[in-house]
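Right, one structure below, let's go through it.
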Amino acid sequence: MPNHSILILPGDGIGPEVMAEVRKVINWFATHRNLSFDVTEDLVGGAAYDAHGKPLSDETMAHAQAVDAVLLGAVGGPKYDDLDFSLKPERGLLRLRKEMDLFANLRPAQCFDALAGFSSLKPEIVSGLDIMIVRELTSGIYFGEPRGIHDDGDGGRVGINTQRYTTEEIRRVARAAFDLARKRDNRVCSMEKANVMESGILWREEVSWVHEHEYPDVALTHMYADAGAMQLVRNPKQFDVIVTDNLFGDLLSDAAAMLTGSLGMLPSASLGAIARNGLPKALYEPVHGSAPDIAGQGKANPIACILSFAMALRYSFDLGAEADLVEGAVEAVLARGLRTADLLGEDGTEPVTTSEMGDAIVAA
Ligand code: NAI
Ligand code: MG
């Protein structure tokens, strides 16, 4: 059996609390499925700063480059707010993303039936929803030159940002999306504004090129991103994988996340180039932060972090059946009515603790 290596970086606040529940799931696979992961744990963010004065040590960075998957909790907290910019906890996460060259950000929007009432849309529109937005993360308008604010020479000012994409930047994120689609429902919808932007024309041409030459078995459609935004709230279940640029992906993935409810439920992944064993470099993390307001109280919902591990199973280790098992267990405990505090209204139901939720998922 291959040796699946995972580096766990719990980080700060509720990070260690939710990661402890992921550990239980990992241990379950070792005990019950003879599936053992080579797990090591290290520090990131404020925890790393406290230990050695930096939000990510060179040793930890090298280790992250060497493993099959990195699983991160969350970083940051009020204790670190006054630190110099270069020492802030989030710099540790940014260094990981940059040095691992994680160019494809994966944000699933998955609706568990028991929580369909949480959505701002009608339950029948979101029930059973399972889509994946792939956002290009390291290029585009947030990075393009020229940029800046200048005098316009006429007494006013001008603000400039540049949308810039190269062939290779588009092709590599397109490949990531097509690879994912093959592990899902085999459909990709690419979104840009080829009607008004040259970078959008190139995007459409290059995604089509990758499709034609490398992934003709996957169904590909194109949509203008504004029309895509409408379709996402009108009938989100029509999509499987959506691939789009950094700016449109930022907006569309946040909107899609809210189709399904609570921050405590949302996993994510960031993938880089194929490194070894044909696996992409990968970092998995919940979308939420360190939640200092509830840290240390046993209130955190561990599901976002557990679902991030399920993504690692599916996309880094090609263990789709095992990922289904974890997601099915989450579905089952929610269907039984188990709720952490963030998933409860004012109806007087008693919330379960972080640890009780983790135990219930493992039992299921
Ligand atoms: P946050 O995501 O930590 O919290 C926002 C709200 O959601 C809070 O009320 C919190 O209690 C709640 N919440 C978040 N995750 C939850 C969970 N798993 N279960 C139950 N409730 C949950 O965002 P906020 O408050 O803006 O930032 C707090 C700290 O986290 C800051 O230092 C920020 O820089 C950092 N942060 C780190 C991120 C990361 O590590 N990727 C992402 C976002 C923020
Ligand atoms: Mg955003």
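The values are calculated or read from the model by the stated rules, or taken from the named source; none is laboratory data. Just so it is clear, the structure is predicted and the values come from calculations on it, not from any experiment. With ideal geometry, Cβ positions are generated from the backbone for all residues, glycine too; neighbour counts draw on all protein chains shown.
State yes or no: is A282 away from ligand 2 (no atom under 16 Å from the Cβ), in a strand (DSSP E or B), at pLDDT 90 or above and crowded, with 17+ Cβ neighbours inside 10 Å?
So A282 passes the test.
Would you mention how many residues in region 166-176 are touching a residue at least 12 places away in the same chain (Cβ under 8 Å) and more than 22 Å from the chain's Cα centre (by Cα)?
Total satisfying the criteria: 2.
Taking region 233-261, which residues are outside any helix (DSSP H, G or I) and within 16 Å of ligand 1 (Cβ to nearest atom)?
Across region 233-261, the qualifying residues are M258, T260, G261.
Please enumerate the residues belonging to region 204-224 that are touching a Lys or Arg at 6+ places or on another chain (Cβ under 6 Å) and closer than 14 Å to D179 by Cα.
V210, A219
Pairs needed: first member in region 245-268, under 20 Å from G15 (Cα atoms); second member anywhere, at pLDDT 95 or above and aliphatic (A, V, I, L, M); C-beta distance under 6 Å; at least 6 residues apart or different chains.
Pairs found: G264/A304; M265/I303; M265/A304; L266/A304; P267/A304; P267/L307; P267/M311.
Among the residues of region 314-337, which ones are surrounded by fewer than 19 Cβ atoms within 10 Å (Cβ to Cβ) and more than 21 Å from the chain's Cα centre (by Cα)?
Result: A332, A335, R336, G337.
Which count do you get for residues in region 285-304 that are polar (S, T, N, Q) and either within 16 Å of ligand 2 (Cβ to nearest atom) or within 19 Å of I361 (Cα to Cα) (or both)?
Residues meeting the conditions: 1.
How about region 1-105: which strands (runs of 3 or more DSSP E) wholly inside it have at least 2 residues that are in contact (Cβ under 8 Å) with a residue 60 or more places away in the chain?
Answer list for region 1-105: 4-11, 69-74.
Out of the helices (runs of 4 or more DSSP H) lying entirely within region 114-232, which hold 3 or more residues that are more than 30 Å from I303 (Cα to Cα)?
On the way: elements: 123-126, 167-182, 198-214.
Here the list reads 167-182, 198-214.
If D359 satisfies every condition in (1) more than 19 Å from V25 (Cβ to Cβ); (2) charged (D, E, K, R); (3) modelled with pLDDT of 95 or more; (4) more than 10 Å from ligand 1 (Cβ to nearest atom) but one, which is the exception?
Unmet condition: (1).
Please enumerate the residues belonging to region 314-331 that are charged (D, E, K, R) and in contact with a helix residue (DSSP H, G or I) (Cβ under 7 Å, 6 or more places away or on another chain).
Within region 314-331, R314, E322, E327 meet the criteria.
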